[in-house]
Amino acid sequence: MRTRVKVCCIASAEEAAMAVAAGADALGLVAAMPSGPGPIPDGSIAAIAAGVPPPVATFLLTSETTASAISAHIRATGPTAVQIVSHIDPAEAARLAVLEPRIRRVQVIHVEGNEAVDLIPAYAPHVHAFLLDSGRPNATIRELGGTGRVHDWAVSAAFVRASPLPVFLAGGLTPDNAADAIRRVRPYGLDLCSGIRTGGGLDPLKLRAFMRAVRSGDSEME
């Protein structure tokens, strides 16, 4: 199976076009966050999302935690998918599925230990996919992504094996470790931000190197 690639922290229409041209399957558009790189105004998210050609998906990264607020955020920005970066109440995830049945819903799970796997049953009935990241949602200043840190891929691999849904892997991915991530975790997709940026901007050379590494990893799995 071909590993999908989601390029996150897209900051402009130019970066979106660069990622699409390189073969990205999805683009991440980061809204206001308590910490981390890449947030842009909702108006910019809406403008970029409107210009992305199908079948490339546009993911709104929202830190909202209630179904009504997440739904309002979706309707204000017009993405094709929403990435819920907090461990929200599963009851809110169920309510969001009713409010936004046409939007693909992706629940982030922050891997801090083996207990991450225990969250699968709570969310799986209400979302379309999971995304494993390296945040610290209970820190004094919450980290909800964009950390640039690799978490324990043994836990991630166990999560993938246990999940009935597709699983994206994020956290500290670069052209140097992408193929190894595919071999060890077997995710549906890889998601990255800082690993293909230089001076804050999307780096075309690093982006192409990452895409080559992903295809190399896929070839080894055939």
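Just so it is clear, none of the values below were taken in a lab; they were calculated from the coordinates. Since the model is a prediction, treat every value here as computed from it, not as a measurement. In this analysis, Cβ positions are derived from the backbone assuming ideal geometry, glycine residues included, and neighbour counts consider all displayed protein chains.
Once amide H atoms are placed 1.01 Å from N in the peptide plane, what residues at a sequence separation of 5 or more from ILE109, or on another chain, have their amide H within under 5 Å of its amide H?
Amide H neighbours of ILE109: LEU131, LEU132, ASP133.
In whole Hz, with x marking every Gly and Pro, tabulate ³J(HN,Hα) for segment 86-92 from phi via Karplus 6.51 cos²θ - 1.76 cosθ + 1.60, θ = phi - 60°.
Each residue's phi maps through the Karplus curve to give 9, 7, 6, 4, x, 5, 5 Hz.
What FRET efficiency comes out for the pair ARG186/LYS206, r = Cβ-Cβ distance, R0 = 22 Å, nearest 0.05?
Calculated value: 0.40.
Using only alpha carbon pairs under 8 Å that are at least six residues apart, calculate the relative contact order of segment 6-81 and give it in whole percent.
Relative contact order of segment 6-81: 31 percent.
Out of HIS126, ALA116, VAL98, whose Cα points farthest toward the positive end of the dipole of segment 89-128 (charges: +1 Lys, Arg; -1 Asp, Glu; placed on Cβ)?
VAL98
Where in segment 14-48 does the amide nitrogen come within less than 14 Å of the point 7 Å from the Cα of GLU220, taken along Cα to Cβ?
From segment 14-48, the list is empty.
Under a point spin-label approximation (7 Å from Cα along Cα-to-Cβ), what is the LEU165-ASP152 distance to one decimal in nm?
Modelled inter-label distance: 2.3 nm.
Rg to Rh ratio, the chain, alpha-carbon atoms and Kirkwood radius?
The Rg/Rh ratio comes out at 0.93.
Per-residue HN-Hα couplings for segment 14-27, Karplus 6.51 cos²θ - 1.76 cosθ + 1.60 at θ = phi - 60°, whole Hz, x for Gly and Pro?
Ordered by residue, 3J(HN,Hα) equals 5, 5, 4, 5, 5, 5, 4, 5, 7, x, 4, 8, 8, 10 Hz.
Restricting to Cα pairs below 8 Å that are 6+ residues apart, what does the relative contact order work out to for segment 4-221? Please round to a whole percent.
Relative contact order comes out at 17 percent.
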